[in-house]
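The values are calculated or read from the model by the stated rules, or taken from the named source; none is laboratory data. What you are looking at is a predicted structure, and each value in this text was computed from that prediction instead of being measured. Note that each Cβ is placed from the backbone with ideal geometry, even for glycine, and that neighbours are counted across all protein chains shown.
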């Protein structure tokens with residue numbers, strides 16, 4: 001199971017200051033996303049997940065220069081979320097240096113928009129769902145009936161989606177749902193958020209999911225990256 005570090009981008013900087021030597025008191029803190037990404041790549045990170053907070057608010061990518069600076073510093077794939085819910089936005093993300101994108105629930109609810117995004121990004125597109133046990137979080141659906149999580153996952157697979165990123169997956173009830181989803185739907189599942197300790201990583205590892213995206217827990221030092229890799233193995 002992959003452990004994927006996440007960096008939240010705001011005005012070209014990381015929203016969380018990272019101090020890699022906080023436990024030993026050495027080194028210096030930094031809010032430069034390129035340096036943070038380089039640190040985790042040096043430890044073996046397979047992907048760096050970037051969240052464009054300004055882009056999410058604007059509805060289009062904003063921190064593209066920062067994405068480019070990160071891409072110039074590391075050769076590891078970069079997955080961008082926030083403001084990339086259209087084919088035009090995905091083009092901008094890819095041109096800046098991102099190699100993967102994460103679209104949100106509005107795209108999942110719009111088959112035409114999803115097809116356009118898939119035509120451009122293919123297997124490098126993931127769909128993010130704000131999932132709770134056995135259901136999806138409140139959302140202003142366009143369709144007449146709110147779908148269940150497995151129902152929507154089946155629909156997305158049918159349209160060509162290869163990867164889901166589910167929020168809030170660390171609790172015991174969510175773990176059961178993840179295991180059932182992973183066993184019944186042929187799609188790669190990644191969890192973002194909800195993991196606070198190594199035991200949480202181990203619980204998710206045992207469900208068979210492909211990866212966990214960790215942001216604040218890693219950058220704050222609450223979870224050590226090497227220890228997280230060991231727990232995920």
Check your understanding: From the residues in the stretch 157-180 that are modelled with pLDDT of 85 or more and crowded, with 22+ Cβ neighbours inside 10 Å, which one is farthest from residue 126 (Cα to Cα)?
Key -> 178
**Study point:** Candidate set: the stretch 18-45, residues that are in contact (Cβ under 8 Å) with a residue 60 or more places away in the chain and either farther than 18 Å from residue 216 by Cα or not in a helix (DSSP H, G or I) (or both); chosen: the one nearest to the chain's Cα centre (by Cα)
**Key:** 45
Point to revise | Given (1) farther than 25 Å from residue 109 by Cα; (2) in contact with a helix residue (DSSP H, G or I) (Cβ under 9 Å, 6 or more places away or on another chain); (3) surrounded by fewer than 22 Cβ atoms within 10 Å (Cβ to Cβ), index of the condition residue 60 fails | key: (1)
Review point. Can you spot a residue in the stretch 31-45 that is modelled with pLDDT of 95 or more, out of contact with any helix residue (DSSP H, G or I) (no Cβ under 8 Å at 6 or more places or on another chain), closer than 24 Å to residue 166 by Cβ and surrounded by fewer than 18 Cβ atoms within 10 Å (Cβ to Cβ)?
Key: no
Check your understanding: So which of 107, 84, 67 ends up being modelled with pLDDT of 95 or more and closer than 27 Å to residue 225 by Cα?
Key -> 67
Review point. Taking the condition crowded, with 22+ Cβ neighbours inside 10 Å, modelled with pLDDT under 95 and closer than 22 Å to residue 127 by Cβ, does residue 219 pass?
Key: no
